[in-house]
Amino acid sequence: VCKIFRVSWKDRDRDVIFLNSLSAQFKQNPKEVFSDFKDLIGQILMEVLMMSTQSRDENPFASLTATSQPIAATARSPDRSLILNTGSNPGTSPMFCNVGSFGSSSLSSLYGTSPAPTTNFTSYVPMTGSSLTPPASSVATTSVPSITVSSHLTATSPSWMQPSSPRYRPYTVTHSGGFSASVPRSLNISIPPSSPSPSVMAASPPAMPITASRQRPTTMGPPLFTASPSTSRRRSSLLNRIPSSIYENPFSLLFLAVSDVSEDSSDEENEDDDFSCVQFGSSMGGSGSSSVSDSCNDHFTIESCKETEMLNYLIECFDRVGIEERKAPKMCSQPTVSQLLSNIRSQCISHAALVLQGSLTQPRSLQQQSLLVPYMLCRNLPFGFIQELVRTTYQDEEVFKQIFIPILQGLALASKECSLDSDNFKYPLMALCELCEIKFGKTHPMCSLVVSLPLWLPKSLSTGAGRELQRLSYLGAFFSLSVFAEDDNKVVEKYFSGPAITLENTRVVSQSLQHYLELARQELFKILHSILLNGETREAALSYMAAIVNANMKKAQMQTDDRLVSTDGFMLNFLWVLQQLSTKIKLETVDPMYIFHPRCRIDLPTDETRVKATMEDVAAWIAELYRDPSPFSEPKFPTECFFLTLHAHHLSILPSCRRYIRRLRAIRELNRTVEDLKNNESQWKDSPLATRHREMLKRCKTQLKKLVRCKACADAGLLDENFLRRCLNFYGMVIQLMLRILDPAYPNIKLPLTPEVPKVFAALPEFYVEDVAEFLFFIVQYAPQVLYEPCTQDIVMFLVVMLCNQNYIRNPYLVAKLVEVMFMTNPAVQPRTQKFFEMIENHPLSTKLLVPSLMKFYTDVEHTGATSEFYDKFTIRYHISTIFKSLWQNIAHHGTFMEEFNSGKQFVRYINMLINDTTFLLDESLESLKRIHEVQEEMKNKEQWDLLPRDQQQARQSQLAQDERVSRSYLALATETVDMFHILTKQVQKPFLRPELGPRLAAMLNFNLQQLCGPKCRDLKVENPEKYGFEPKKLLDQLTDIYLQLDCARFAKAIADDQRSYSKELFEEVISKMRKAGIKSTIAIEKFKLLAEKVEEIVAKNARAEIDYSDAPDEFRVPELKEQIQAWMRDKQNADH
């Protein structure tokens, strides 16, 4: 593990943390060291794991941000050998790093090492005029090329050799030997021909790429510096105090250089610099080599011109004022000296403004890159420089625009080139945030300038308004940061392209990416918040927010062209910012009528489905409202922000959830395809289609790998618990608003609600309710731990109120979605949501009305109006049956169940539907099992199977796969309905014996007994019956239990009257199988035998009666009545079937 590393911290100031002896101490006493440095070690390991997929030439710690805050462990154990650089002043701006504090682009970015360096790190370069010399042994082993410095330079200007602060050197000369240094133009550097290093790069190109040093060099020289006589003595004394072992650690030399810079920055003088090759973001002894193979987001461009030199000098002068004030605060507090320093600052700023405009050389256009942007991105500007520049120029509009528009454009361009594959993304964001936060009185000058840009809110030019707004608007580049693979493939290539994606390293990488996203979104929030705080720009900000919502309305569609709308990453960032803006909104200040307001910023489609009202009802009601505008008040910010956030959820988090579920489904299907192709390889490997199948298998595997990596990225972007909790809490606010509309007495709601639906609620868009259900459904499946928030009580109340007042919702499928949410929270389905389900079933409003309401919906769903209603009803009823089984276990609901059983209006209809479903589902599932049995028998006979043509074999296999899917689905539904029958008949028998139910139930039971135990029962024998959920013993046990639970004379007569399926032999076979399989106890079997005897007596009696009346004279027969009876019997049999 590296001895020097940097750790992420919330504070903006940064330092380098040295742990020189942690390794040795850990070996001596691992438990104590681990307890003290647990958080620190955990973060190191997380970052190492996160970077494990990088190439070996990259420094795994290069992107970490150091901190000036000491680790908490140091306070607990001061005896640890922690060497912490002096932190910068707490009041300083994050725009720059103070003396002794180094940003990501300063000396702290130079700790790159090579896995196998060819240059001996313990070597040191002898320098003219320097008294700092390592031991002879170190010099003897050096392999660094000799560097000769002209002696006259050392004599005349010794101060140049002192390393200058990186604060006002956002560039360094890069040498091919693998080290960097600030070098004046008059420096002569000679490299012997025998040196393995290439020659120095050519001088003075017109413009050169600048890269933040992110790579580890293959060779690296030591820091290049020479001291002035005064500093040489101090360095010599420092050297005497350093043990010789320091030369065995390359980082110790870097620390020596850092310490020297920190100790004596007052001796620095301005000098001309060589711009032959400029490396942005590093300083002396840098880790960046001459290679420029970094990704494009690490590259910037700085002009080689006089303006740069002048700007350097002015920034250095401005910074020296601050240095003097810190060194001699008493003297600088004197009025004359204070005024002098203030004048110096003003002069520096005024001249910097002239330089930036090109007034001292040649005028600069607004399209040119600002010379100040690299300094801001590198965060190397002195405290107060930008603020003073804004204060000096903002009152002159022309000058202000000429200076700051190029800066804003440069920051946007830098942001477009950034990605979350490194931490460079934060620098443009932080720079823009600090600009927008600059305030004089009540005015934010930069905010006004930003919204005055032509691209603040560009007009749409095509049908892809959403994507246009993201690509062209000024803030679009900043909001576009994303971890989703479809938005930015750099993230997936860097973090999820290893040979294996394990659950553990995916989790760690996801946490790191979520931390990055959180940082970026916080800066985005600050930017937009500053623009909203500024009175002059609030309207423009609200217009921009509304434009994003309106331009992306198509994202809510089930099928949409992703090229026409903004990306998921963009929309989720936008949503996060709106959520932060909405956190302090009080519902009392939100106008529920806003969506119908004439000045509403949100453009709802005219065909938007409403909760209860039809399009005509809504149009008539709104026309009536507009005739009398008194109900509408002036829209306030809380109302507008709340509804914009609500619609942003509809267009961001929910489409992302749907895409996530589709991706999981695609992964499952591809896995199934790959498995099928592998398992059947023996059948197709010798066929003419073998090549095609191999190609398909290869394509499927490749696509599967891509999808798995895309899913890993989506896990990081979507399954962020903090983000999901914010969404849930906001939906809690939405639910409160709707409950207030339903009953102004909220939270003291009484059920049932009034029969008349409030017009405001009836006219609300249907997705207000649907989105709540859909989001709950998603988190219950993929993040159930998020569910327990303070808003959960409101969510439970909303579900109960809506399920108990289904007349308030026009769409039965929306009610079905709410039922499905309750089903998914059932402990039998999702054990982690047991507490939530208990809150529903124990809610005071649910104990009286929930069971009858669900029973009514069970029967009403027979006709939904959709073309797929016949098949949809089985799934919905399956959900309700599962809920009933759980509610039956709750004593609070027992009384309601019994009331419904004995006198409920819905119970007879409910039982009738239950009989119909059981008949159909068991019939279909058992028939599919027979077909599966046939194909399996054919395939067992290899000789006969091989004689079949290839196309016929494939057709049979295709039919087998389809039958397997059908049987699995139908058997699951049938098992649930039989379970329900079993529970109900055990508790209550009377309703099942009614004339309209008894005969039908007996016929259904007899038919299924015949299927299971009749002559053709062997056709149900399949391989691996548990694969299909087929448990014949359990099914037979439950069916015979129902017979015994309903055992009485009336039910025996109903069994005997069934002439289609009942036979004495059938019941004898059932008794025989129960005995052989040990399905029932002896007592139960005897009871069933007695029932069979009773039925047989009734059958014999019926036969005798039929014989008695068979020879009746014709004059006693009524032909019309006979035809009616025969027609009725035919209809009855068809209905039973």
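The values are calculated or read from the model by the stated rules, or taken from the named source; none is laboratory data. Since the structure is predicted, the reported quantities are computational estimates derived from the model, not experimental observations. In this analysis, Cβ positions are derived from the backbone assuming ideal geometry, glycine residues included, and neighbour counts consider all displayed protein chains. Just the protein is used for accessible areas: all its heavy atoms, side chains included, with ligands, DNA and RNA removed. Shrake-Rupley method; radii C 1.70, N 1.55, O 1.52, S 1.80 Å.
Which lysines, if any, have their Cα less than 27 Å from the Cα of Lys306, not counting same-chain residues under 8 positions apart?
The reachable lysines, counting only those whose Cα sits under 27 Å from Lys306, are Lys401.
Roll a 1.4 Å probe over the protein heavy atoms and report the accessible area of Arg1075 in Å², nearest 10.
130 Å²
Which translational diffusion coefficient, to the nearest whole µm²/s, is obtained for the range 747-875 from the Stokes-Einstein equation, given a Kirkwood hydrodynamic radius over C-alpha pairs, 4 °C and 1.567 mPa s? Working shown, then result.
Working: Rh = 15.4 Å.
It diffuses with D of about 84 µm²/s by this estimate.
Sorting Ser630, Ser462 by accessible area (1.4 Å probe), largest first, what list results?
Working: Ser630 85, Ser462 65 Å².
Accessible-area ranking of Ser630, Ser462, largest first: Ser630, Ser462.
In vacuum, with every alpha carbon of the range 1015-1085 counted as one equal point scatterer, what does the Debye formula give for log10 I(q)/I(0) at q = 0.17, 0.23, 0.29 Å⁻¹? Two decimals, please.
Debye output, listed in q order: -0.78, -1.23, -1.40.
Kirkwood hydrodynamic radius, computed over distinct alpha-carbon pairs, for the range 718-789: how many Å, to one decimal? List each step's numbers first, then the result.
On the way: mean 1/r = 0.0734 Å⁻¹.
After inverting the mean inverse Cα-Cα distance, the result is 13.6 Å.
Find, among the GluC sites (Glu not before Pro) in the range 906-1001, those assigned to loop by DSSP (not H, G, I, E, B) with at most 10 other beta-carbon atoms within 10 angstrom. List each step's numbers first, then the result.
On the way: sites: Glu924, Glu927, Glu934, Glu937, Glu938, Glu943, Glu964, Glu976, Glu996; in loops: Glu996.
Passing both the DSSP loop test and the Cβ count: Glu996.
What do you reckon, how do Glu756, Glu640 stack up by accessible area (1.4 Å probe), largest on top?
Details: Glu756 140, Glu640 15 Å².
Ranking Glu756, Glu640 by accessible area, largest first, yields Glu756, Glu640.
What shape does the range 566-623 have by the C-alpha gyration tensor, where a ≥ b ≥ c are the square roots of the eigenvalues, rounded means a/c under 1.5, and otherwise prolate means a/b greater than b/c and oblate the rest? Could the numbers behind the result be given before it?
Details: a/c = 2.79, a/b = 1.55, b/c = 1.80.
Oblate, because a/c is 1.5 or more while a/b does not exceed b/c.
Sorting Glu634, Glu862, Glu325 by accessible area (1.4 Å probe), largest first, what list results? Mind showing how you got there, number by number?
On the way: Glu634 95, Glu862 40, Glu325 65 Å².
The residues order as Glu634, Glu325, Glu862, largest area first.
Given a 1.4 Å probe and the protein chains all in place, what does the accessible area of Lys678 round to, in Å² to the nearest 10?
90 Å²
Could you work out how far apart the two model spin labels at His693 and Asn748 are, taking each label as a point 7 Å from the Cα in the direction of the beta carbon, and quote it in nm?
Label-label distance for His693 and Asn748, simple model: 7.3 nm.
Rounded to the nearest Å, what's the spacing between the alpha carbon centres of the range 433-487 and the range 731-750? Just the number, please.
36 Å
Could you tally up the Lys pairs in the range 425-521 with alpha carbons closer than 29 Å? Skip any pair fewer than 8 positions apart unless they're on separate chains. It would help to have the intermediate numbers written out before the result.
On the way: Lys426/Lys439; Lys426/Lys442; Lys426/Lys459; Lys426/Lys490; Lys426/Lys494.
Qualifying lysine pairs in the range 425-521: 5.
At 25 °C and a viscosity of 0.890 mPa s, what translational diffusion coefficient does Stokes-Einstein give for the range 779-829, taking Rh as the Kirkwood radius over Cα pairs? Give it in µm²/s as a whole number.
On the way: Rh = 11.9 Å.
Here the translational diffusion coefficient equals 206 µm²/s.
Might you work out the accessible area of His894 for me, using a 1.4 Å probe with all protein chains in place, and round it to the nearest 10 Å²?
The accessible area comes out at roughly 70 Å².
What is the extension gain from Gln683 to Cys1017, computed as 0.36 nm multiplied by their sequence separation minus the C-alpha to C-alpha distance, in nm to one decimal?
Values: separation 334, 0.36 × 334 = 120.24 nm, distance 3.15 nm.
Extending this stretch completely gives an extra 117.1 nm.
Straight-line reach only, C-alpha to C-alpha below 20 angstrom: list the lysines that Lys848 could link to, leaving out same-chain residues fewer than 8 apart.
Partners within reach: Lys750, Lys856, Lys885, Lys905.
On average, how much area does the Cα convex hull of the range 447-528 cover when viewed from any direction, in nm²?
Reported value for the Cα convex hull: 6.9 nm².
Which entries in the list Lys942/Lys1080; Lys990/Lys1101; Lys817/Lys1080; Lys678/Lys940; Lys705/Lys940; Lys701/Lys940 go over 29 Å, if you measure between the two C-alpha atoms of each? Display every interim value, and only then the final one.
On the way: Lys942/Lys1080 40 Å; Lys990/Lys1101 25 Å; Lys817/Lys1080 40 Å; Lys678/Lys940 20 Å; Lys705/Lys940 36 Å; Lys701/Lys940 31 Å.
Check vs 29 Å cut-off fails for Lys942/Lys1080; Lys817/Lys1080; Lys705/Lys940; Lys701/Lys940.
For the range 689-797, what does the relative contact order come out to in percent, with C-alpha contacts under 8 Å and a separation of six or more? Don't skip to the answer; put the middle values down first.
On the way: 39 pairs, mean separation 40.5, N = 109.
Computed value for the range 689-797: 37 percent relative contact order.
Between the DSSP loop rule and a limit of at most 16 other Cβ atoms within 10 Å, which trypsin sites (Lys or Arg not before Pro) in the range 846-918 are left? It would help to have the intermediate numbers written out before the result.
Values: sites: Lys848, Lys856, Lys873, Arg877, Lys885, Lys905, Arg909; in loops: Lys905.
Sparse-neighbourhood loop trypsin sites (Lys or Arg not before Pro): Lys905.
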